[in-house]
Amino acid sequence: MKNLENSYRGKRVFITGHTGFKGAWLSILVSNLGAIVKGYSLPPPEISLYNKIQSSLEMESVFGDINEFENLKKEILDFQPDYIFHLAAQPLVRESYKNPLYTLNTNIIGTANLLQSLQGYQKPCSVVIITTDKVYENKEWIYAYRENDNLGGYDIYSSSKAASELIVSSYRNAFFNPEDYHLHRIGIATARAGNVIGGGDYATDRIVPDIIRSILSNEQLTLRNPEAVRPWQHVLEPLHGYLTLGAALSAIPKKYAGSYNFGPVNNDTLTVRALVESSLKMLKKGSYVVLNEGEPHEANLLQLDISKAIKELNWIPKYNAEEAIQITLDWYLKVEEKKNDAFACCMNDILEYYKTI
């Protein structure tokens, strides 16, 4: 953690999507590193990690839409960030079937709005755009996807994120070319993470929040796609990767202006069913039923090759899937059942994570 403190202490960090699950965790992390933090995001749902921790966060918070270009640009230019982490998005596959145009606008044009806001920016800035493991053209093969594999997307969410990667690449080539860094001083990278779990996720259509809700309400859990294989990882794994990438990008922009996968090691994947059964076994209660029809298409097999992040960033996953599940469930038990302070529980998980890093 000391190396990250050297990179972020006293620096100005702008986070879009800071009221989301990952954004809230990142806000805690960056604030804890001694950075000056400003968040820009839609207001959170009433039940959210952000609302549970916001009174303890030392940061400026602005509620706004990344689809509102002038407002977003004003907030960025007023703040004068050294780093930008772009997490704001419509993040759910099933929601993209219901609201395709909103998903496309937010994930594609919203990203373009952010990058366009930096045209003519007058100081160095390192920008990390967060996309997803679903940007790859999924061929349902057994091989893990590498950063140079084809982009694609069966569903609107996946294609919107793949398209945002193309937008980033175009802006980087046309306006913020690494070869001309001395002229514009903007470094841009993208981060592609797998399925993230951790305390404080209350979103709909995500398996761990669904498990917790079923337990708290004493209702049976419904599984939509039980045999789907996913690269599960604790939320602190990719967030540490994003921060490591941001620091490297700031130090050597030309080298690190590219795309990076952040996920578990290749043999550490679980099906949805296996994750649920492991969770219910740890909780010692609960049951589930499989919904066999009427669901929109989602990929069944998806794995990431993280060799590049390991080699170039020295980023290595710390927790295996079972450990990630246990840490996540412990957080919910402490906060939801024992009524412990959510911010304190997050800080405890952060301190434990960084003990050996």
Residue separation between ASN218 and LEU291 times 0.36 nm, minus their alpha-carbon distance, gives in nm 24.4 nm
Ignoring GluC sites (Glu not before Pro) buried by more than 14 other Cβ within 10 Å or outside DSSP loops, the longest site-free run in the chain is 141-218
Within segment 1-94, DSSP-loop trypsin sites (Lys or Arg not before Pro) with at most 15 other C-beta atoms within 10 Å are ARG9
If every Lys and Arg gets +1 and every Asp and Glu gets -1 at its Cβ, then about the Cα centre the chain yields a dipole, in debye to the nearest 20, of 740
For ARG12, the residues 5 or more places away or on another chain with a placed amide H closer than 5 Å to its own amide H are ILE36, ASP82, TYR83
Among LYS334/LYS355; LYS134/LYS161; LYS38/LYS74; LYS74/LYS161; LYS74/LYS123; LYS254/LYS318, the pairs whose Cα-Cα distance exceeds 18 Å are LYS334/LYS355; LYS74/LYS161; LYS254/LYS318
Segment 323-342 and segment 160-185 have their Cα centres apart by a whole-number Å value of 40
Any residue on another chain or 5+ positions along whose placed amide H is under 5 Å from the amide H of VAL62 is listed here as GLY39, TYR40, SER41
If amide H atoms are modeled at 1.01 Å from N in the peptide plane, then the residues at a separation of 5 or more from LEU223, or on another chain, having amide H under 5 Å from its own are VAL289, VAL290, LEU291
Residue span ASN71 to GLU352: 0.36 nm per residue of separation minus Cα-Cα distance leaves a gain in nm of 97.3 nm
Residue by residue through segment 194-199, the couplings from Karplus 6.51 cos²θ - 1.76 cosθ + 1.60 with θ = phi - 60°, in Hz, x for Gly and Pro, are x, 6, 9, 10, x, x
Computed over the chain, the relative contact order (Cα-Cα under 8 Å, seq sep at least six) in percent reads 17
Projected onto the charge dipole of segment 2-356 (unit charges on the beta-carbon of Lys, Arg, Asp and Glu, signs +1, +1, -1, -1), the Cα from ALA342, SER126, LEU283 with the largest positive-side position is that of SER126
Diffing segment 148-162: the Karplus 3J(HN,Hα) column from phi (6.51, -1.76, 1.60, θ = phi - 60°), in whole Hz with x for Gly and Pro, holds 9, 6, 5, 8, x, x, 6, 9, 5, 4, 4, 5, 5, 6, 5
Under the helix-only model (-39500 (n - 2.57) for each DSSP H run of 4 or more, divided by the residues of the chain), the mean residue ellipticity at 222 nm, to 500 deg cm²/dmol, is -12000 deg cm²/dmol
Under the Karplus relation with 6.51, -1.76 and 1.60 and θ = phi - 60°, whole-Hz ³J(HN,Hα) for segment 265-279, x at Gly and Pro, equal 5, 4, 8, 10, 10, 10, 6, 4, 4, 5, 5, 5, 5, 5, 5
P(r) over all Cα-Cα pairs of segment 163-318, 5 Å bins from 0 to the longest distance, whole percent per bin, short to long, reads 2, 8, 15, 16, 16, 13, 10, 8, 6, 4, 2, 1
Residues of segment 83-97 with backbone N under 16 Å of the label point set 7 Å from the Cα of LYS255 along Cα→Cβ are none
Hydrodynamic calc, segment 69-225: Kirkwood Rh from Cα pairs, then Stokes-Einstein at 20 °C with viscosity 1.002 mPa s, so D in µm² s⁻¹ is 123
Residue separation between ASN173 and ASN340 times 0.36 nm, minus their alpha-carbon distance, gives in nm 55.3 nm
In units of 2.2 N^0.38 Å, the Cα radius of gyration of the chain is 0.94
Using alpha carbon centers only, segment 198-216 is separated from segment 1-71 by a whole-angstrom value of 22
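Bear in mind that the values in this text are calculations on the coordinates, not laboratory data. All figures in this text were calculated on a predicted structure; none of them were measured in a lab. We place every Cβ from the backbone using ideal geometry, glycine too, and count neighbours over all the protein chains shown.
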